[in-house]
Every structure is written in C-alpha cells, then in structure tokens.
Amino acid sequence: MLNTKLNVVGKTKQKKVKVKQMLTDKYRLVVLNENTFEERFSLKLSRLNVFVLGGFFSILLVAITIVLIAFTPIKEYIPGYSSTALKFKAAKLTFEVDSLKIKLSILENFTKSIKPVLTGELDPETSDSLRTESRKKVVDERKLDATKADSLFREKVESKDRFPIQNNTTSNIKIVFFAPLTGSISQKFDPNSKHFAIDIVAKTGSPVKAIADGTVIFSGWTTETGYVILLKHTNNYISVYKHNGNLLKQQGDFVKSGEVIASVGSSGELTTGPHLHFELWSDGYAVNPEKYIDFK
C-alpha cells in the first residue's frame with residue numbers, strides 16, 4: 001500500500017516537472033535566406049514567453065481601442081453612437097416643430113371660425129337679430145338718476161377743464177383703406193338680395209391689391225367662387241376677394257397696403273365674367289365697401 005502511494009506521488013511530481021520543463025524549454029526561431037540558407041535573424045523563445053507577450057499585446061490592443069472609441073470622433077462611425085452636434089440639432093428641431101404645431105393649431109382654429117364667411121353660410125340678418133335679442137336687458141331707469149355725490153363730482157371735473165385741447169376726431173379714423181381694383185361696379189352692395197359685396201368689372205389679369213396692411217388667413221380654391229383670398233386687418237376688419245384668376249400670396253403671409261395679392265379672373269361656378277367680387281366685414285358683419293373705399 002505504501003509503495004503504491006509513493007508511486008502515485010512520484011508520477012505526479014514527474015508530470016509537474018514535465019509541464020514546467022515544457023513551458024520553460026527554449027526554442028530558437030531562425031529566419032534563413034531561402035537560396036543561400038544564410039541565417040538572417042534568430043530569436044530564442046519559450047512557450048511561457050510567448051503566452052506572456054501575447055497576453056500583454058492583447059491587453060494593450062484592447063486599451064488602445066477603448067481610448068480611440070471614447071476620446072476620438074471615430075465613435076461616430078459605430079452604429080448606435082451620435083455626435084453632440086447632432087443631438088443639439090435634433091433637440092432644436094424638436095422645439096421648432098412643437099412651436100410650429102402650436103401656430104398651425106391656432107391658424108386652423110381661426111380658419112374654421114372664418115369659414116362661414118367664405119362659404120356664405122353666415123346669415124347677417126339672423127345673426128343681427130340674435131345679437132340684438134341677447135343684448136336686450138331690463139334697465140331700471142331709477143338707477144340712471146344722478147345722485148348728489150355724482151353731480152358734485154361731475155361739476156368738479158368740468159370746472160377743471162372746460163375747454164380740452166385733445167380731440168377725439170383722431171380716434172374715429174382708425175384705418176384708411178386702399179382701393180383693391182379700379183373699374184366699373186356691375187353690382188352694388190344689396191343685403192336684401194343677400195349680395196354682401198360689390199362686383200368690379202376689369203380686364204383679365206388686372207392686379208388685385210390689398211386694401212390695407214394685414215395677414216392672409218385663407219388662400220385657396222372653392223367650387224362656387226373659384227380662387228379666393230381673405231385678409232385680416234386691424235380693428236377686426238376682414239376683406240374677401242373672390243373669382244380671382246390666380247393667387248400670389250399664401251396663407252400666413254403678411255401684406256402691405258396696396259400690395260398685389262391676386263389677379264382678376266373668372267373662376268368658380270357662380271362667376272359671370274372677369275370681375276372681382278369684393279366683400280368687407282367688420283366685427284362679423286358685412287358692411288358696404290363703398291362707404292369706406294373710393295373706387296373711382
């Protein structure tokens with residue numbers, strides 16, 4: 001039994017010695033000239049040296065690769081990575097898109113609200129009666145009588161400035177309109193026949209101009225009135241130009257007074273020839289354009 005154990009221990013020691021000898025045995029790497037067999041280069045190596053050098057160069061290569069990817073622009077060529085400038089541009093474009101969506105939503109809501117004016121669905125007579133009825137209130141005339149305190153206060157104010165220099169005439173003239181087209185008027189403003197506009201006859205291609213500074217709130221085609229463009233001006237005025245030959249402005253554009261926005265044509269099913277169907281609206285009511293504009 002003892003001899004068997006000794007044999008096993010001896011064999012184990014022999015194996016360890018063989019493994020160590022295998023790793024430490026020197027080998028000579030020789031580079032020879034193929035024609036003359038002259039020795040050009042020689043190097044003594046062991047298996048252990050080869051393993052150590054191979055591991056060292058592998059770790060060095062991995063470290064260099066990591067540094068190049070982390071601190072150089074090379075990482076931008078790797079799928080999944082993006083540059084800082086690209087991220088900044090993407091964020092900026094995202095904010096711009098959000099702002100454009102908000103502006104587009106506001107413009108769409110406004111266009112929907114003005115659609116009855118364009119399509120002719122709005123009936124001014126009905127709306128006038130509804131507004132008049134909604135504004136009727138029961139007034140207690142006793143509350144209109146001035147009290148003693150009111151009378152004293154009024155007398156005090158009037159005594160301070162009986163002849164004021166400031167005149168309110170400037171406030172009455174809020175906006176001056178420019179004639180959109182010069183020509184003969186074939187049909188006048190007539191609320192009784194529901195013709196809430198004037199028709200101006202002119203040659204095809206004649207320039208149609210904006211009556212005042214404003215913003216284009218609609219520019220497009222309708223079946224009945226052809227090419228139509230609407231402008232919104234200050235003090236809640238809206239001007240409508242129908243049956244145009246072509247449109248020169250788009251929705252959202254800002255135009256100056258007298259700027260050409262379209263040309264005279266005869267588009268739409270309801271047209272009777274080359275002319276301009278011009279409407280002027282104030283606070284949702286159609287008004288006679290001849291009272292505001294001199295077409296001569």
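Conditions (1) part of a strand (DSSP E or B); (2) more than 19 Å from residue 118 (Cβ to Cβ), marked per residue:
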| site | (1), (2) |
| --- | --- |
| 252 | no, no |
| 258 | no, yes |
| 263 | yes, yes |
| 270 | no, no |
| 273 | no, yes |
| 279 | yes, no |
| 286 | yes, no |
| 293 | no, yes |
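Every residue in segment 209-219 that is open to solvent by less than 20 Å² (accessible area, probe 1.4 Å) and under 21 Å from residue 109 (Cα atoms), please. Steps first, answer last, please.
Taking segment 209-219 and keeping what is open to solvent by less than 20 Å² (accessible area, probe 1.4 Å), we get 210-212, 214, 216-217.
Result: 214, 216, 217.
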Cβ-Cβ under 6 Å pairs, at least 6 apart or on other chains, segment 39-57 side within 10 Å of residue 23 (Cα to Cα), far side of a type in the set (Lys, Arg): 46/26
Flag for residue 62 being at pLDDT 80 or above and either touching a His at 6+ places or on another chain (Cβ under 6 Å) or open to solvent by less than 100 Å² (accessible area, probe 1.4 Å) (or both): yes
Unique match (being more than 30 Å from residue 277 (Cβ to Cβ) and modelled with pLDDT of 75 or more) among 113, 42, 82: 42
Inter-residue pairs, beta-carbon under 7 Å, first at negative phi and in segment 87-111, second among the β-branched types (Val, Ile, Thr), 6+ apart: 110/217; 111/217
Top-ranked residue of segment 230-250 - restricted to ones that are closer than 21 Å to residue 109 by Cβ and part of a strand (DSSP E or B), ranked as most open to solvent (accessible area, probe 1.4 Å): 232
Contacts under 6 angstrom Cβ, first residue in segment 248-271 being touching a residue at least 12 places away in the same chain (Cβ under 8 Å) and over 15 Å from residue 226 (Cα atoms), partner open to solvent by 60 Å² or more (accessible area, probe 1.4 Å) and in a strand (DSSP E or B), 6 or more apart: 258/209; 260/207; 260/209
Segment 261-294, residues that are more than 34 Å from the chain's Cα centre (by Cα) and charged (D, E, K, R): 269, 290, 291, 294
Pair list, Cβ < 6 Å and 6+ apart or interchain, from segment 200-220 residues that are over 13 Å from residue 234 (Cβ atoms) to residues that are crowded, with 17+ Cβ neighbours inside 10 Å and aromatic (Phe, Trp, Tyr): 208/241
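The values are calculated or read from the model by the stated rules, or taken from the named source; none is laboratory data. What you see is a predicted model; the values in this text were computed from it and never measured. Here Cβ is always computed from backbone atoms with ideal geometry, including for glycine, and neighbour counts include all displayed protein chains. Side chains included, ligands, DNA and RNA excluded: accessible areas come from the protein's heavy atoms. Shrake-Rupley method; radii C 1.70, N 1.55, O 1.52, S 1.80 Å.
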